[in-house]
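Data block below; observations after.
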Amino acid sequence: MDSRNPNGSLPQLSQPPKYGITKPISLAGPSEADVQRNTELEKFLIESGLYESKEESAKREEVLGRITEIVKIWVKQLTRQRGYTDQMVEEAKAVIFTFGSYRLGVHGPGADIDTLCVGPSYVNREEDFFIILHDILAEMEEVTELQPVPDAHVPVMKFKFQGISIDLLYASISLLVVPDDLDISCVSVLHNVDEQSVRSLNGCRVADQILKLVPNIEHFRTALRCLKFWAKRRGVYSNVTGFLGGVNWALLVARICQLYPNAIPSMLLSRFFRVYTQWRWPNPVMLCSIEEDELGFPVWDPRKNPRDRFHHMPIITPAYPCMNSSYNVSVSTLRVIMEQFQCGNGICEEIELNKAQWNTLFERYLFFEAYKNYLQVDIVSADADDLLAWKGWTESRLRLLTLKIERDTNGMLQCHPYPNEYVDKSKLFPHCSFFMGLQRKEGVSGQEGQQFDIRGTVDEFRQEIRMYMYWKPGMDIYVSHVRRRQLPAFVFPDGYRRPRTLRHPNQHTEKACEDVTGSQSGSAERRIKRKHDDEAVDEKLSKPIDCRTSNFGGTSHISIGQEAKLEHLRTGDVDSNSVDRLLDREKRYEEITIQQARTDGQGSLTKCGLTSLHVDNLSIVRNVGSQEQ
């Protein structure tokens, strides 16, 4: 029988919708085993308390309603004060939008709400938002922990409203009256607005675009909820510290959803690790093509923008103007992220072979067993309110200390900043502490007794921290080198160290993680040598040193409040090969050129002299695809 149409042409088969800039890796759906694993995964998420109650959801809605009322009254007051007509005062308003995890539908109990206030053109950010609205909020009993951050990359006002954490941004658009049904996804909303407003508006615009670009929103949400929980447990969830924040994880998961459009969450989770362990950075992750517009805002393009060529892990936002959302990632933090991806991939393979359970994947990373040397950064202030502001400023710049150490040691000393903060409850004054793991770059040989003199690095970091515009007496910071055996008790969950039966923190999971970090274990001879090296360095560290000692007990600290008198801030013997090297003071301030990424031709990126595969041909994940056929 002839199946031709009346016009003589063959009928066209309906094409499945295309998601993303490439074809999917696999269109396969779940097997019975996948469905069973997915059921177990969802049960684990519920038991782990990742979903909020109906009561908490209702309270969030109530709080958003109250904030909406407050900003409307605020704009009406400003409109009246500036002499506009009664009709203008009547129509004047501001509109509240949400973004981040709340808008994506993946927030959990106790999570903050990212909110954006969109106001008319005559209401500005500098005075009207950060002064007048700030003062209104400060007088309200429902508002606590009010903290304005006007000098942030995206200016924000942080506070708690009836106990719920709020991050409030502001954008002024070129309209005298903001309509209630404002379509924020329309490019026209960006006309005649400043770059800070563009960045503020794009939080909402990016979230909306992500939900439009994934094939199954519910599967995306469950997979993202899993990955966010995993990242927090493994210590790689923090944009400010140089790892990945909420929007970064959302974009990474969304790309996997595009590559496996018929996969369910348990499949997406394993494919996530399978793909990104083989991803060839700095090839960018993109959900759609980068488009330019007549508005003229800069978009991410390493072919045109030299600064974009230095990005180590580009994850590009899908809304105009497209930007790299992960510009904070450094050489050191990328190394840590990739190690964790390798570990997660190994465990997922074990789960698929029924050799491990989901709880194994989500085990907490034992950071304080991972390294032999740490930097401890103690932050103190005169009162709790000052600490809130001082800590926010200092934490936002801790990643600069990582970059400076990488620079001043020519990449020989690797840093692992840990995003969690710690408090010594035995101390009565306001304070908190952050830690960085230190180790020598793997594969680099040395000689016994090597030390890294980072006094100048810490001093430079101190000078930049002291530039805080709102500094008050009592605000201080201390930096000290602490060996693993000297770590304070308050960093451990129960106040004491866990018995050390394993050498590396990832070895507590499964064989998969041992494969990733096994090179750090070494032979029996190396372990004997490491013991002797430890004893030698401990003997050095036990010698008297001339330095002001803080009230944090036991360790000597360099105070940023005055000149350090410490002879050497030592981080000697950072791995099994203890070698002797001190950077000259002149060299310490020289610019060390990090291996750069540059563009080469149309759509291909070059790094370290080797040209990677083209961005748009999917060959970056071809090895993954061959396993799916």
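The values are calculated or read from the model by the stated rules, or taken from the named source; none is laboratory data. Predicted model only: the values in this text are computed from it and were never measured. We place every Cβ from the backbone using ideal geometry, glycine too, and count neighbours over all the protein chains shown. SASA here: full protein model, heavy atoms, side chains in, ligands and nucleic acids out. Shrake-Rupley method; radii C 1.70, N 1.55, O 1.52, S 1.80 Å.
Condition first: modelled with pLDDT under 95 and more than 12 Å from the chain's Cα centre (by Cα). Now tell me which residues in the stretch 231-262 satisfy that.
none
Can you run down the residue pairs with Cβ atoms below 7 Å, 6 or more apart or on separate chains, where the first is in the stretch 458-477 and under 18 Å from residue 387 (Cβ atoms) and in contact (Cβ under 8 Å) with a residue 24 or more places away in the chain and the partner is of a type in the set (Phe, Trp, Tyr) and in a helix (DSSP H, G or I)?
Final answer for the pair search is 468/393; 475/390.
Could you please find all residues in the stretch 94-109 being in contact (Cβ under 8 Å) with a residue 40 or more places away in the chain and either closer than 19 Å to residue 157 by Cα or surrounded by fewer than 18 Cβ atoms within 10 Å (Cβ to Cβ) (or both)?
Going through the stretch 94-109, the residues in contact (Cβ under 8 Å) with a residue 40 or more places away in the chain turn out to be 94-95, 97-109.
94, 95, 97, 98, 99, 100, 101, 102, 103, 105, 108, 109 - these are the residues of the stretch 94-109 that are in contact (Cβ under 8 Å) with a residue 40 or more places away in the chain and either closer than 19 Å to residue 157 by Cα or surrounded by fewer than 18 Cβ atoms within 10 Å (Cβ to Cβ) (or both).
Can you name every residue in the stretch 147-167 that is closer than 16 Å to residue 113 by Cβ, touching a Leu at 6+ places or on another chain (Cβ under 8 Å) and open to solvent by less than 40 Å² (accessible area, probe 1.4 Å)?
Within the stretch 147-167, the subset closer than 16 Å to residue 113 by Cβ is 147, 154, 156-167.
Filter once more, so that each one left must be touching a Leu at 6+ places or on another chain (Cβ under 8 Å): 147, 154, 156-159.
Once the filter is applied, which keeps residues that are closer than 16 Å to residue 113 by Cβ, touching a Leu at 6+ places or on another chain (Cβ under 8 Å) and open to solvent by less than 40 Å² (accessible area, probe 1.4 Å), the stretch 147-167 yields 147, 156, 157, 159.
Restricting the search to the stretch 144-203, which residues are touching a residue at least 60 places away in the same chain (Cβ under 8 Å), closer than 24 Å to residue 393 by Cα and of a type in the set (S, T, N, Q)?
147, 196, 197, 200, 202
What is the residue count in the stretch 268-283 for residues that are open to solvent by 10 Å² or more (accessible area, probe 1.4 Å) and assigned to a helix (DSSP H, G or I)?
If we filter the stretch 268-283 for residues that are open to solvent by 10 Å² or more (accessible area, probe 1.4 Å), which is where we start, we get 271, 274, 277-281.
Keeping just the survivors that are assigned to a helix (DSSP H, G or I) gives 271, 274.
So the answer is 2.
Go through the stretch 325-345 and give me each residue that's open to solvent by 10 Å² or more (accessible area, probe 1.4 Å) and not in a helix (DSSP H, G or I).
To start, the set of residues in the stretch 325-345 that are open to solvent by 10 Å² or more (accessible area, probe 1.4 Å) comprises 325, 327-328, 331, 334-335, 338-339, 342, 345.
Result: 325, 327, 328.
Return the only residue of 339, 406, 395, 369 being among the acidic types (Asp, Glu), modelled with pLDDT under 95 and more than 26 Å from residue 462 (Cα to Cα).
Details: 339 fails: modelled with pLDDT under 95; 406 fails: more than 26 Å from residue 462 (Cα to Cα); 395 fails: more than 26 Å from residue 462 (Cα to Cα).
Residue meeting the stated conditions: 369.
Just checking, how many residues over the stretch 307-326 are closer than 19 Å to residue 341 by Cα and out of contact with any strand residue (DSSP E or B) (no Cβ under 7 Å at 6 or more places or on another chain)?
Of the residues in that region, 2 qualify.
Would you pick out the residues in the stretch 110-133 that are buried (at least 17 other Cβ atoms within 10 Å of the Cβ) and assigned to a helix (DSSP H, G or I)? Break it down into steps so the answer makes sense when it comes.
From the stretch 110-133, those buried (at least 17 other Cβ atoms within 10 Å of the Cβ) are 111, 113-120, 123, 125, 128-130, 133; that's our starting set.
Those that are buried (at least 17 other Cβ atoms within 10 Å of the Cβ) and assigned to a helix (DSSP H, G or I): 125, 128, 129, 130, 133.
Residue under question is residue 132, and the condition is that it be of a type outside the set (S, T, N, Q) and out of contact with any Cys (no Cβ under 6 Å at 6 or more places or on another chain); does it hold? Talk me through it step by step, then tell me what you get.
On the way: of a type outside the set (S, T, N, Q): yes; out of contact with any Cys (no Cβ under 6 Å at 6 or more places or on another chain): yes.
Here the answer is yes, as residue 132 does meet what is asked.
Within the group 428, 403, 387, which residue is open to solvent by 20 Å² or more (accessible area, probe 1.4 Å) and free of Cβ contacts under 8 Å to residues at least 24 places away in the same chain? Spell out the reasoning first.
On the way: 403 fails: free of Cβ contacts under 8 Å to residues at least 24 places away in the same chain; 387 fails: free of Cβ contacts under 8 Å to residues at least 24 places away in the same chain.
It is 428.
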